1. Any chance you could check the Cα centroid distance between the stretch 105-148 and the stretch 175-249 for me, in angstrom?
2. Set the Förster radius R0 to 30 Å, insert the Cβ-Cβ distance between residue 196 and residue 140 as r into 1/(1 + (r/R0)^6), and round the FRET efficiency to 0.05.
3. Give me D for the stretch 84-125 in µm² s⁻¹, whole number, from Stokes-Einstein with Rh from the Kirkwood sum over alpha-carbon pairs, 20 °C and 1.002 mPa s.
4. Expressed as an acute angle from 0 to 90° and rounded to the nearest 10, what is the orientation of the C-alpha long axis of helix 4-21 relative to the principal long axis of the chain?
5. In percent, how large is the relative contact order of the chain, given Cα pairs closer than 8 Å and 6 or more residues apart?
6. Quote the FRET efficiency, to the nearest 0.05, computed for residue 76 versus residue 163 with a Förster distance R0 of 30 Å and r equal to the Cβ-Cβ distance.
7. Taking the simple approach of a point 7 Å from Cα along Cα-to-Cβ for both residue 44 and residue 116, what is their distance in nm?
8. Averaging the inverse of every distinct alpha carbon separation and then flipping it gives the Kirkwood radius. What is it for the stretch 78-200, in angstrom units?
């Protein structure tokens, strides 16, 4: 397995190079868009119970100790007829938690006794395809709405005196919202971008709030806060997570 910290450093090097090499183009023109983002993710909540109707409730934050993890995502899109945008996103994430169990834990049919050391692996890789239509698209203001189809490739594993691994792959529909404000059409702005939806079986929210800087036409960098929250409550698995990211990103537009 590659060192995630080394991978994140390499990611930021590539991000910097692409920022310098980005092709200038009018902000409203059609064409290819590439968005890169990297940062650090910390969990304020990460609770699992597997199976959902019979396992032991285990908090990877309170019962174990979870460290912040490096994270990155890549989005590639194509804009056409000015207001229409189709994008594909890849956003992997792996979080580790370690500690000593203070009680017996039943996890996926195996028992981990109290007083034993445990390592938990929480992996949540996201693949998304989004169509967005911009209701407003001006130099100073953008407002768009759309639909996102998300494939989640998730895993929760627990290692100690036993070893058990639970994986789950599924489809989740989401609503996409995009808001960008650049006062006076200037170089500084504010960005709000979100994918979210709730249902009786669970919910999912991925929300970014960031300040933006148009370095030049076709190259915009950002810094901000991203939160990812949600989970599911079904017989097979109970899992709810709340993650907080500090992120840096760059959006490039090519002719």
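1. The two parts, judged by their Cα centres, are 11 Å apart.
2. 0.75
3. Value of D from the Cα-based Kirkwood radius: 165 µm²/s.
4. Here the helix axis deviates by roughly 0 degrees.
5. Worked out over the chain, it gives 22 percent.
6. 0.20
7. Distance between label points: 3.4 nm.
8. It works out to 17.7 Å.
FYI, it's all coordinate maths here, none of it is from the lab. Since we're looking at a predicted model, the values are computed, not measured. Positions of Cβ are generated from backbone atoms using ideal geometry, with glycine treated the same way; all protein chains shown enter the neighbour counts.
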